[in-house]
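The values are calculated or read from the model by the stated rules, or taken from the named source; none is laboratory data. Because the structure is a prediction, the values reported are computed rather than measured. For neighbour counting, all protein chains shown are included, and Cβ atoms are generated from backbone atoms with ideal geometry for every residue, glycine included. SASA here: full protein model, heavy atoms, side chains in, ligands and nucleic acids out. Shrake-Rupley method; radii C 1.70, N 1.55, O 1.52, S 1.80 Å.
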Amino acid sequence: MVTTTDWRRRLTAPTVGVVDWSASRPDRLAVVSTESGVSQAWSWDLRSDTRRQASAEGVGAEEAHITPDGKGVVWWLDPQGDERGRWMVTPFDGGSATSLFPGLPDMWMSGLSLVADSVVAGFADEDSYMVVVRHGSEPTREIYRHEQPAGA
C-alpha cells in the first residue's frame, strides 16, 4: 500500500542530472542536483565519493561543466530568474566562486566552449550578440559583436 508520505517522498526526492566529466580527470564530475532543495552545481569526486556544492547564488544552476583540467566547476549564475547572468567558476575542491569572464555585465548566454587553457562564450544583450575568448589568465577579449548572432 502506498501512503501519502511515500508519494511525497518520491516526488520531492533529490535528483542528479546534467553530468559532465573532466577530459583529463575522469574521476571528477560536475553535476546539477536538487539535493540542497534547489537545482545547484556540484563537484563530484568519484575516487573519494565526495560531493561539494559549487553554486549557491541566484535562482539555482541549470548547467554545470567541469574545466578540462578538472580543477573547476563552471556554472551559470542567474541572479534574478530572467536568464540573464554570467558564467562562474568554483574550485573543484571548494572555495569561492569567481566570474569566468571578469568585467563583463550580465547578459543572456549563447554558448560555451572549454578547452585546455582557453574558454570561448557567446552572449546576447538587448542590442547585439557577442563572442568573447580568454586564454589562461589573460584578460577577456571580445572577438565578435553584431546585431545578428554569429553563424546566422
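The residue pairs whose first member lies in the range 106-121 and is among the β-branched types (V, I, T), whose second member is in a strand (DSSP E or B), and whose beta carbons are closer than 6 Å, counting only pairs six or more residues apart or on different chains, are V119/R134; V120/S113; V120/V133. Selection of the range 41-65 for residues being more than 23 Å from W108 (Cβ to Cβ) and either in contact with a strand residue (DSSP E or B) (Cβ under 6 Å, 6 or more places away or on another chain) or of a type outside the set (A, V, I, L, M, F, W, C) (or both) yields W42, S43, W44, D45, R47, S48, D49, T50, R51, R52, Q53.
Of the residues that sit in the range 50-83 and are among the charged types (D, E, K, R) and at pLDDT below 95, which one is farthest from L112 (Cα to Cα)?
So, considering only residues that are among the charged types (D, E, K, R) and at pLDDT below 95, the one farthest from L112 (Cα to Cα) is R51.
Are there any pairs with C-beta distances below 8 angstrom linking a residue in the range 134-149 that is touching a residue at least 12 places away in the same chain (Cβ under 8 Å) and within 18 Å of W87 (Cα to Cα) to a residue that is surrounded by 10 or more Cβ atoms within 10 Å (Cβ to Cβ) and of a type in the set (D, E, K, R), with the two at least 6 apart or on different chains, and if so which? Final answer for the pair search is R134/R141; H135/D117; G136/D117; T140/R134.
In the range 114-133, how many are open to solvent by 50 Å² or more (accessible area, probe 1.4 Å) and either closer than 20 Å to V89 by Cβ or in contact with a Pro (Cβ under 7 Å, 6 or more places away or on another chain) (or both)?
The qualifying residues number 5.
When D69 is tested against (1) touching a residue at least 12 places away in the same chain (Cβ under 8 Å); (2) open to solvent by 50 Å² or more (accessible area, probe 1.4 Å); (3) more than 30 Å from R47 (Cβ to Cβ), exactly one condition is not met: (3).
Restricting attention to the range 1-23, the residues that are modelled with pLDDT of 85 or more and open to solvent by less than 70 Å² (accessible area, probe 1.4 Å) add up to 3. Selection of the range 24-35 for residues being open to solvent by less than 20 Å² (accessible area, probe 1.4 Å) and farther than 12 Å from A61 by Cα yields only L29. Would you call V38 farther than 22 Å from A116 by Cβ, surrounded by fewer than 21 Cβ atoms within 10 Å (Cβ to Cβ), out of contact with any strand residue (DSSP E or B) (no Cβ under 6 Å at 6 or more places or on another chain) and touching a residue at least 12 places away in the same chain (Cβ under 8 Å)? When the stated conditions are applied, V38 passes them. Does S137 meet the test of being among the small types (G, A, S), open to solvent by 60 Å² or more (accessible area, probe 1.4 Å), touching a strand residue (DSSP E or B) at 6+ places or on another chain (Cβ under 9 Å) and part of a loop (DSSP other than H, G, I, E, B)? Criteria not met by S137.
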